[in-house]
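Okay, so here's the structure we're looking at.
The values are calculated or read from the model by the stated rules, or taken from the named source; none is laboratory data. If you're wondering where the values come from, they're calculated on a predicted model, not measured in any experiment. All Cβ positions, even for glycine, are placed from backbone atoms using ideal geometry, and neighbour counts span all protein chains on display. To get the accessible areas, we keep the full protein, side chains included, count just its heavy atoms, and leave off ligands, DNA and RNA. Shrake-Rupley method; radii C 1.70, N 1.55, O 1.52, S 1.80 Å.
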Amino acid sequence: MKLAPLVAALAAAAFAQSDAGSPPAETEEEHFRRVTSEAGPSPADFAQALEEHLAKFPETPQRAAIERAIVQAAIDGGDRLRIVRYGESVVEREPNNLIVLERLTRALLDRDDPAAAAKAWKFASQFERVLRKLELERPPENLSRARLRDELDQRFGKAFVYQARAKGNLGELEEAVKLARKSYETYPSAEAAREAGRWLARLGRSAEAIEAYAEAFAIPDENRTEEHRAADRRRLRELYLKEHAGEAGLGELLLAAYDRTSAAREARLAALRELDPNFGRTDPLEFILQGLDGRQMDLRALRGKVIVLDFWATWCGPCRVQQPLYEEVMARFAGRDDVVFLNVNTDDNRALVAPFLEANGWNKLVYFESGLQQLLKVTSIPTTIIFDKQGRLAGRLVGFDPARFVPILSERIRRALAAD
């Protein structure tokens with residue numbers, strides 16, 4: 001967390017006298033500036049300084065903002081005590097704050113006592129309700145439906161895991177298993193499988209618990225540390241040895257778990273690619289671009305050719321100046337079947353493109369960027385990107401010099417054609 005901007009914002013935020021009984025504005029503002037400037041650089045130091053200010057000025061009109069800042073500092077510093085102490089007030093005022101809701105729920109679950117579990121259940125359920133509302137909202141046009149679905153499913157999966165842990169801590173073990181499995185069905189994760197294994201083992205259903213822990217071990221999870229992975233393997237081995245005379249058969253069980261989890265993740269990926277054919281792709285030349293006229297361009301079909309991608313937008317003034325120069329370059333290579341030029345539009349509102357082309361008399365076969373812009377980190381328009389015949393990035397022109405664009409781009413294309 002960058003503390004300096006937050007301190008400045010709070011200091012400038014209206015430390016004004018709110019009523020006749022409040023301290024003079026200068027007194028509160030001076031105290032705030034002093035304690036925050038004297039605080040150390042860590043989130044814990046910053047949170048402590050803010051707490052000191054609240055203790056001296058409990059009726060400050062900035063209490064809500066300060067408590068939110070304390071919670072953010074606590075989240076950054078992994079301070080579960082402060083997350084719980086101030087988080088409930090924050091979510092009471094900001095019931096849709098997903099970040100605080102999630103961290104507060106997790107912090108309460110770490111306490112492992114019935115009172116905390118009851119609160120965790122309340123906030124985990126609130127977390128789910130907020131997600132249900134988000135699910136009904138219209139997504140931004142530049143966010144693919146697949147990406148939105150994936151992000152929502154990940155969060156729903158977490159909500160169900162937290163609910164499972166809360167129910168388990170409250171002694172409702174069967175309900176905990178159901179919720180953990182619901183989490184896994186929503187988003188197959190190591191966390192969900194592990195949670196199911198935890199409560200199945202408590203219920204004495206060892207064979208099912210072993211399978212769940214095997215799935216937790218088998219699922220690749222970039223958020224899981226080696227320590228967590230080792231713990232999954234250790235717990236799996238303990239349960240297996242209780243049920244069997246030795247480790248014979250454990251390897252086959254793990255292979256079966258790999259097969260199950262791989263199949264579940266592949267099925268999920270296939271479903272998401274029904275919404276967005278490029279979801280999860282990391283090779284730009286495996287992308288499928290959607291055309292303005294409804295046709296599709298599968299870039300895999302262009303392998304073995306030099307590909308020139310022109311990223312442009314209707315709102316881009318320089319793109320209009322560049323267009324005739326780009327056509328001049330295309331004319332230089334018009335006789336070759338091993339060079340392909342693709343016009344890639346980056347407008348958020350695609351409805352603007354056809355009228356723009358007609359109004360400007362551009363005879364362009366246009367494809368939409370379909371996520372390629374983000375993958376290639378195109379942050380400035382116009383940008384021209386060249387791939388050689390081997391599919392390697394061979395050139396990137398950000399912006400353009402009208403006097404030199406044609407010779408520069410032409411030379412880059414010739415180099416790409418000559419590359420081994």
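Calculated FRET efficiency, Glu227 and Lys122, Cβ-Cβ r, R0 41 Å, to nearest 0.05?
My answer for the efficiency is 0.85.
Extending each Cα 7 Å along its Cβ direction at Ala65 and Gln296, get the distance between those two points in nm, one decimal.
Distance between the two pseudo-spin positions: 5.0 nm.
What three numbers, in Å, describe the spread of the alpha carbons of region 192-324 along their principal axes, ordered from the longest?
Dimensions of region 192-324 along the principal axes of its Cα atoms: 77, 29, 25 Å.
Set the bar at 22 Å for Cα to Cα. Now go through Lys122/Lys158; Lys133/Lys167; Lys167/Lys242; Lys122/Lys167; Lys364/Lys389 and name every pair that lies beyond it.
Pairs exceeding 22 Å: Lys133/Lys167; Lys167/Lys242; Lys364/Lys389.
Could I have the simple spin-label model distance between Arg145 and Arg332, label points 7 Å from Cα toward Cβ, reported in nm to one decimal?
4.3 nm
Considering only protein heavy atoms and a 1.4 Å probe, what is the carbon-and-sulfur percentage of the accessible area of region 269-414?
Carbon and sulfur atoms account for 50 percent of the accessible area of region 269-414.
Among 353-359, 69-75, what's the highest-first ranking by average C-beta atoms within 10 angstrom per residue?
69-75, 353-359
Using the Cα gyration tensor of the chain, with a ≥ b ≥ c the square roots of its eigenvalues, what is the shape: rounded (a/c below 1.5), prolate (a/b larger than b/c) or oblate (neither)?
Working: a/c = 2.60, a/b = 1.32, b/c = 1.98.
Note, shape of the chain comes out oblate.
At a Förster distance of 45 Å, what's the computed FRET efficiency of Asp113 paired with Glu137, Cβ-Cβ distance as r, to 0.05?
FRET efficiency, Asp113 to Glu137: 0.80.
Could you calculate the FRET efficiency of Arg93 with Ala44 from 1/(1 + (r/R0)^6), where r is the beta carbon distance between them and R0 is 35 Å, rounded to 0.05?
0.90
Under the rule a/c < 1.5 gives rounded, and otherwise a/b versus b/c splits prolate from oblate, where does region 301-348 land using the Cα gyration tensor? Mind dumping the intermediate values first?
On the way: a/c = 4.42, a/b = 1.54, b/c = 2.87.
In terms of gyration-tensor shape, oblate.
If each residue of separation counts as 0.36 nm, what is the full-extension length gain between Ala403 and Gln390 once their alpha-carbon separation is subtracted?
On the way: separation 13, 0.36 × 13 = 4.68 nm, distance 3.04 nm.
In short, 1.6 nm is gained.
Please work out the Kirkwood hydrodynamic radius for region 336-420, using every pair of different C-alpha atoms, and report it in angstroms with one decimal place.
Computed over Cα pairs of region 336-420, the Kirkwood hydrodynamic radius comes out at 14.5 Å.
How charged is the neighbourhood of Thr105? Take every other residue with its Cβ under 14 Å from the Cβ of Thr105, and add Lys/Arg as +1 and Asp/Glu as -1.
That sum, taken over residues with Cβ under 14 Å, equals +4.
Rounded to the nearest percent, how much of the accessible area of region 84-231 (1.4 Å probe, protein heavy atoms only) is carbon and sulfur?
Roughly 46 percent, rounded to a whole number.
Plugging the Kirkwood radius over Cα pairs into Stokes-Einstein for region 237-311, at a temperature of 10 °C and a viscosity of 1.306 mPa s, what D comes out in µm²/s?
97 µm²/s
What's the Kirkwood radius of region 121-274 in Å, using all Cα pairs?
Roughly 16.4 Å, rounded to one decimal.
Calculate the spin-label point distance for Glu358 paired with Arg34, positioning each point 7 Å from the Cα along the beta-carbon direction, and give it in nanometres.
Distance between the two pseudo-spin positions: 7.0 nm.
For a quick check of your reading of the filter: which GluC sites (Glu not before Pro) in region 202-291 sit in a DSSP loop and have no more than 12 other Cβ atoms within 10 Å? Don't jump to the answer; show the numbers that get you there.
Values: sites: Glu208, Glu211, Glu215, Glu222, Glu226, Glu227, Glu238, Glu243, Glu247, Glu252, Glu266, Glu274, Glu286; in loops: Glu222, Glu247.
For GluC sites (Glu not before Pro) across region 202-291 that sit outside H, G, I, E and B with at most 12 neighbouring Cβ atoms in 10 Å, the list reads Glu222, Glu247.
If you stretched the chain out fully between Arg129 and Thr27, how much longer would it get, using 0.36 nm times the residue separation minus the C-alpha to C-alpha distance?
Contour length minus Cα-Cα distance gives 32.5 nm.
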